[in-house]
1. Exactly one of (1) farther than 16 Å from Val53 by Cα; (2) under 23 Å from the mean Cα position of the chain (by Cα) is unmet by Leu100. Its number?
2. What are the residues in region 377-400 that are among the aliphatic types (A, V, I, L, M) and surrounded by fewer than 20 Cβ atoms within 10 Å (Cβ to Cβ), if any?
3. Restricting attention to region 380-428, which residues are of a type in the set (Val, Ile, Thr) and in a helix (DSSP H, G or I)?
4. State all residues of region 401-415 that are surrounded by fewer than 18 Cβ atoms within 10 Å (Cβ to Cβ) and touching a residue at least 60 places away in the same chain (Cβ under 8 Å); if no residue qualifies, say none.
5. Name the residue that is nearest to the chain's Cα centre (by Cα), counting only residues in region 445-493 that are under 26 Å from Leu24 (Cα atoms) and small (Gly, Ala, Ser).
6. What's the number of the condition Thr321 fails, among (1) open to solvent by 10 Å² or more (accessible area, probe 1.4 Å); (2) at pLDDT 95 or above?
7. Filter region 284-318 for residues that are out of contact with any strand residue (DSSP E or B) (no Cβ under 8 Å at 6 or more places or on another chain) and of a type outside the set (A, V, I, L, M, F, W, C); which is least open to solvent (accessible area, probe 1.4 Å)?
8. I'm checking my understanding of the structure. Among residues of region 464-493 that are open to solvent by 90 Å² or more (accessible area, probe 1.4 Å) and part of a helix (DSSP H, G or I), which one is nearest to Asn391 (Cα to Cα)?
Amino acid sequence: MSAPDLLIGVDVGTYSSKGVLVTLEGEVLRQATRPHGIQVPQHGHVEQDADAVWWADTASILRELTAGVTERVAGVACSAIGPTVLPLDAAGRPLRPGILYGVDTRAQAQIDALNAELGPDAILAHSHMALTSQATGPKIRWLREQEPEVWAQTRTLTTASAYLVYRLTGQHVLDHHTGAHAMPLYDPRTRAWTDTYADAVLGDRKLDRLPRLAWSDERAGHVSAGAAAETGLRPGTAVAVGTVDALAEGLSVGAVQPGDLMVMYGSSTFFILTQTAPTPDPRVWSVGGAFAGQVNLAAGMSTTGSLTRWLADETARELPTDEAYAELFAQAAALPPGADGLLLLPYFSGERTPINDPQARGVLAGLTLSHTRAHLFRAALEGVGYGIRHNLEALRDLGADVRRLVAVGGGTRGRTWLQLVSDITGQPQEVPQVTVGASYGDAFLAGLAAGVLTRGDLDRWVKPGEPVVPNPVVKPEYDRLYALYRELYTQTKSVVHGLGQKG
């Protein structure tokens, strides 16, 4: 009797890539991680190298996971940061580093131009969301206008997860969730590319520069002989279409039913709400889900985990990274709500939802000589908590049905941050027993694409854990501080915008 099949999921995140080898029952047999960084060639420009980071990490992780494995790997799926913009030449080679998701704010002039030419109301009606730094359409136009020599050589416009699929299979395929962010090139009603406003983005180029659209659990193709030699996978292994990391995170914790809201505590904080019908609103993003016919309402903050990482790097340099985090979290947990009068706006790389202000910056208010790095760290954790509450209120304001919060991501390790967020929002959060992350959701997608799993099997993979329950005693103080948080942005907005202008 032959051994049961195995599955592999790989996720390429902002600061690291991770892969898992999983049984059909959801048992994690192996894990592999590769740290990496980002490139910031100038303020507002955030990039990564598609081959040196995305593909090199993926190939290396796949070799480690498959080394010595005799069982058949039935399928593989990849997720990655997104939506990103990566131009490829006619031979499928990257022409420049990939332009990252909403933390890259370079295309504000193109957003303004598209709004002026097409009208923001028309764009909202067409795309079910407004143009923000998360949209890839303005970034494609930026590429056309600012790098004409690259644009002239561009044959395919792709994104991070789709590029990994291409390197594995030779096929250009993009999932609907990511495709919806290529506004105004995507029609959410027909779930297809549209040429209605294509000229404003692509100029004289055609829609055939864009990948084929499919659902995340569909089969994009099979591992080619060349990819097999680089990865250790067998030729012919099924490859799923895959998706962005956040959607794979939601899948990894079973947040797939209407009313389920996934809160991803990563380098940025991302929210995905599963819905039965779209609720268009300029503050958030209305996109497709992982499975055919699904609708998601998505939102995202720009700098959350990356903010705590920055603080640890800058204020605890004498300690190794893991020790620094443990020390700072312990010190922060010992402080009272409000960090002894310190309030922080976590907009260190602009902000996405719900304020959608690429010119926003971090603000620290209330400093005194008695404050320590522990106060700074707690203020950062609380600032993110206020930002999460702001997004939850925006979702409810537009009539979205949020029935439960499911937490996932690196920020769920330990309970300090989760407890602060539940205390600030007044909302309980569910944390499954296994929170490996997006790569675990990818492995499930791989099983669906290979035909060895069904969607119902997700109930066996995701096991409930101990929920985080808000402390009602501290809620009144956090209500007061949240009101000050909202006012701090309003009162400092013009000053911060002025500081960002060049003299």
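1. (1)
2. Within region 377-400, the subset among the aliphatic types (A, V, I, L, M) is 379-381, 384, 388, 392, 394-395, 398, 400.
Across region 377-400, the qualifying residues are Ala394, Leu398, Ala400.
3. The first filter runs over region 380-428 and keeps only residues of a type in the set (Val, Ile, Thr), leaving 384, 388, 402, 406, 408, 412, 416, 421, 424-425.
Within region 380-428, Val384, Ile388, Thr412, Thr416, Val421, Ile424, Thr425 qualify.
4. Residues of region 401-415 that are surrounded by fewer than 18 Cβ atoms within 10 Å (Cβ to Cβ), as a first pass: 401-404, 413-415.
Asp401, Val402, Arg403, Arg404, Gly414, listed by residue number.
5. Restricting attention to region 445-493, the residues satisfying the condition of being under 26 Å from Leu24 (Cα atoms) are 445-466.
Then drop every residue that is not small (Gly, Ala, Ser), which leaves 446-447, 449-451, 456, 465.
Working: Ala446: 19, Gly447: 22, Ala449: 22, Ala450: 25, Gly451: 27, Gly456: 25, Gly465: 23 Å.
In this case the residue turns out to be Ala446.
6. (2) is the only condition that Thr321 fails.
7. In the first step, residues of region 284-318 are kept if they are out of contact with any strand residue (DSSP E or B) (no Cβ under 8 Å at 6 or more places or on another chain); the result is 291-293, 308-309, 311-318.
After this cut, where a residue has to be of a type outside the set (A, V, I, L, M, F, W, C) as well, the list is 293, 308-309, 313-315, 317-318.
Details: Gly293: 50, Thr308: 6, Arg309: 92, Asp313: 69, Glu314: 89, Thr315: 40, Arg317: 168, Glu318: 120 Å².
Applying the filter and picking the extreme gives Thr308.
8. In this case the residue turns out to be Arg486.
The values are calculated or read from the model by the stated rules, or taken from the named source; none is laboratory data. Since we're looking at a predicted model, the values are computed, not measured. Positions of Cβ are generated from backbone atoms using ideal geometry, with glycine treated the same way; all protein chains shown enter the neighbour counts. SASA here: full protein model, heavy atoms, side chains in, ligands and nucleic acids out. Shrake-Rupley method; radii C 1.70, N 1.55, O 1.52, S 1.80 Å.
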